[in-house]
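So the structure is just underneath, and the comments pick up after that.
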Amino acid sequence: MSKQLQARRLEGIDHNPWVEFTRLSKEYDVVNLGQGFPDFSPPDFAVQAFQQATTGNFMLNQYTSAFGYPPLTKILASFFGKLLGQEMDPLKNVLVTVGAYGALFTAFQALVDEGDEVIIIEPAFNCYEPMTMMAGGRPVFVSLRLVFSKKELELVAALCQQHDVLCFSDEVYQWLVYDGHQHISIASLPGMWERTLTIGSAGKSFSATGWKVGWVMGPDNIMKHLRTVHQNSIFHCPTQAQAAVAQCFEREQQHFGQPSSYFLQLPQAMGLNRDHMIQSLQSVGLKPLIPQGSYFLIADISDFKSSMPDLPGAMDEPYDTRFAKWMIKNKGLSAIPVSTFYSQPHHKDFDHYIRFCFVKDKATLQAMDKRLCSWKGEPQA
Ligand SMILES: Cc1ncc(COP(=O)(O)O)c(C=O)c1O
């Protein structure tokens with residue numbers, strides 16, 4: 001074929017760092033602490049809700065409303081309306097999508113135009129850059145330092161208003177906060193609802209990432225453009241999974257703020273996992289930074305960079321990438337190099353961290369401990 005086969009919008013976005021790490025993790029016998037998913041069961045109420053959705057009302061086998069199964073958009077509007085301080089209309093302010101991924105893609109397609117600048121605060125989820133480029137936008141990266149406070153969030157909000165900028169706020173880890181910290185949605189800050197899309201994930205909320213139910217919420221004058229993309233692409237999302245998520249939120253609304261709430265129980269349990277992992281990683285000289293939220297912690301590997309600078313790998317490969325591959329092959333543990341969450345020009349500045357996922361079962365953490373114990377007992381590679 002003489003003509004270029006692929007569309008021009010795919011140029012430069014074919015490489016995905018995850019593919020290589022997923023392949024390596026399968027090839028070697030590793031304890032996988034790389035990709036962010038729980039390897040334990042969702043809570044019983046969620047499993048039962050899904051079972052009921054597949055065996056109950058037969059109409060749940062059929063299409064539902066294009067922009068979301070009505071009981072789900074209704075409960076999302078009511079649940080998040082209270083948190084964001086907004087009266088939300090389920091039909092106008094909520095769109096159900098195929099995971100938070102789907103919400104992001106729909107938002108970029110609907111609102112980013114040819115040549116638009118998209119400011120991406122990094123470290124960032126890997127898809128933001130390719131989604132910007134597929135929409136014809138131009139990514140502009142701003143690197144975070146190690147602290148992100150409410151004051152800085154307010155500064156971002158003020159800048160959005162001053163420069164008339166839209167804000168896409170990916171809040172999939174909103175329940176995963178530790179040590180008494182509070183999640184703050186930027187849409188709840190004064191003047192931000194009008195220009196913010198708030199994105200969430202049932203997969204992350206209920207430890208059921210395979211359900212792939214997500215949502216995006218915002219003002220109708222913005223949401224209507226997302227509905228246009230949605231009705232011309234996905235049209236609507238699987239009904240049964242939406243019905244299960246609706247039931248989960250109805251349950252959470254009843255238990256909200258009480259010890260029985262999964263949104264309280266999950267961070268409590270994962271906080272213990274985090275502390276366990278911090279202790280264990282330190283035993284081999286990895287230096288974990290204590291995260292205030294999310295599924296992940298990052299460990300500083302600067303000491304290894306000084307003591308073993310010549311790990312195998314391509315000349316232009318950042319140190320953390322070479323270290324993560326070395327760890328997979330020699331120590332049977334997988335983590336993700338943090339430079340992959342930065343734009344290419346900033347790789348070298350952030351090549352001394354690796355990321356571990358601690359939203360894992362006890363057995364996985366025990367398996368990790370065993371590997372770390374052997375590592376500790378071995379002479380330095
Ligand atoms: C920051 C962030 N946003 C969005 C997603 C995608 O969520 P979902 O599985 O609901 O598509 C992920 C998944 O890892 C994520 O880490």
Karplus-derived HN-Hα couplings along region 173-183 (A = 6.51, B = -1.76, C = 1.60, θ = phi - 60°), whole Hz, x at Gly and Pro: 9, 4, 7, 8, 10, 10, 6, x, 6, 10, 7
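Over the chain, consider all pairs of different Cα atoms and compute the Kirkwood hydrodynamic radius from their mean reciprocal separation; express it in Å, one decimal. Working shown, then result.
Numbers: mean 1/r = 0.0449 Å⁻¹.
Kirkwood hydrodynamic radius for the chain: 22.3 Å.
With the other protein chains left in place, how much accessible area per residue, in square angstrom, belongs to region 44-255 at a 1.4 angstrom probe? The partial results should precede the final answer.
Values: 10140 Å² over 212 residues.
On a per-residue basis, 48 Å².
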Within a Gaussian network of the chain (alpha carbon springs, distance under 10 Å), most fluctuating of L111, L95, L159: L159
Net +/- balance of residues flanking G332 in space, Cβ distance below 14 Å, scoring K and R +1, D and E -1: +3
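Carbon and sulfur: what percent of region 44-255's accessible surface (1.4 Å probe)? Before the final figure, lay out each step's value.
Values: 5520 of 10140 Å².
Accessible surface attributable to carbon and sulfur in region 44-255 totals 54 percent.
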Estimated dipole of region 44-255 in Debye, rounded to 20 [Cβ of Lys and Arg +1, of Asp and Glu -1, Cα centre]: 400
Evaluated over region 19-61, the Cα radius of gyration and Dmax, each in Å: 16.8, 45
Length-normalised contact order for the chain - Cα pairs under 8 Å, 6+ apart - percent: 24
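Can you tally the net charge around E20? Count Lys and Arg as +1, Asp and Glu as -1, for every other residue whose Cβ sits under 14 Å from the Cβ of E20.
On the way: positive: R23, K26, R322, K325, K329; negative: D14, E27, E317, D320.
That sum, taken over residues with Cβ under 14 Å, equals +1.
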Loop trypsin sites (Lys or Arg not before Pro), region 1-71 (other Cβ atoms within 10 Å of the site Cβ: 13 or fewer; DSSP): K3
GNM top mover of T97, T228, T196 - the chain, alpha-carbon springs below 10 Å: T228
Centroid-to-centroid separation of region 11-69 and region 305-331 [C-alpha atoms, Å]: 30
Long-range HN-HN contacts of S143 with modeled amide H, under 5 Å: E122
Residue-by-residue Karplus 3J(HN,Hα) for region 157-168, coefficients 6.51, -1.76, 1.60, Hz, glycine and proline x: 4, 5, 5, 4, 6, 4, 9, 6, 10, 7, 10, 9
Mean Cα-pair separation over length for region 63-123, i.e. relative contact order, pairs under 8 Å, 6 or more apart, %: 28
Top of D164, D320, D220 by mean-square fluctuation, Gaussian network on the chain, Cα under 10 Å: D164
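Working from the pairwise distances between different alpha carbons, so that the mean of 1/r is found and then inverted, what is region 44-255's Kirkwood radius in Å? Don't skip to the answer; put the middle values down first.
Working: mean 1/r = 0.0563 Å⁻¹.
About 17.8 Å for region 44-255.
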Value at 222 nm in deg cm²/dmol, rounded to 500, when DSSP H runs of n ≥ 4 in the chain each add -39,500 (n - 2.57): -13000 deg cm²/dmol
Table column - 3J(HN,Hα) (Hz), region 307-321, Karplus curve with 6.51, -1.76, 1.60, x for Gly and Pro: 7, 9, x, 9, 5, x, x, 5, 3, 8, 7, x, 4, 4, 5
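First select every other residue whose beta carbon is under 10 angstrom from the beta carbon of I184; then total the charges, Lys and Arg +1, Asp and Glu -1. Write down the numbers at each step before the final one.
Working: positive: K150; negative: E154, E171.
Local net charge: -1.
For region 44-255, what relative contact order do you get, as a whole percent, if you take Cα pairs closer than 8 Å and at least 6 residues apart? Could you put the intermediate results ahead of the total?
Details: 338 pairs, mean separation 71.6, N = 212.
Computed value for region 44-255: 34 percent relative contact order.
Write down the percent of antiparallel bridges among all DSSP beta bridges whose residues are both part of the chain, to the nearest 5.
On the way: 19 of 31 bridges.
Here the antiparallel bridges make up roughly 60 percent for the chain.
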Non-local Lys pairs in region 44-255, i.e. 8 or more apart or on different chains, that have alpha carbons under 14 Å apart: 4
Bridge type composition, region 127-279 - antiparallel percent by DSSP, nearest 5: 50
For V213, residues with placed amide H under 5 Å, excluding near neighbours: G99, A202, G203
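The values are calculated or read from the model by the stated rules, or taken from the named source; none is laboratory data. Bear in mind the structure is a predicted one, so any value in this text is a computation, not a measurement. Note that we place each Cβ from the backbone using ideal geometry, even for glycine, and neighbour counts take in every protein chain shown. The protein model used for the area step is the full one, side chains on, heavy atoms only, and it has no ligands, DNA or RNA in it. Shrake-Rupley method; radii C 1.70, N 1.55, O 1.52, S 1.80 Å.
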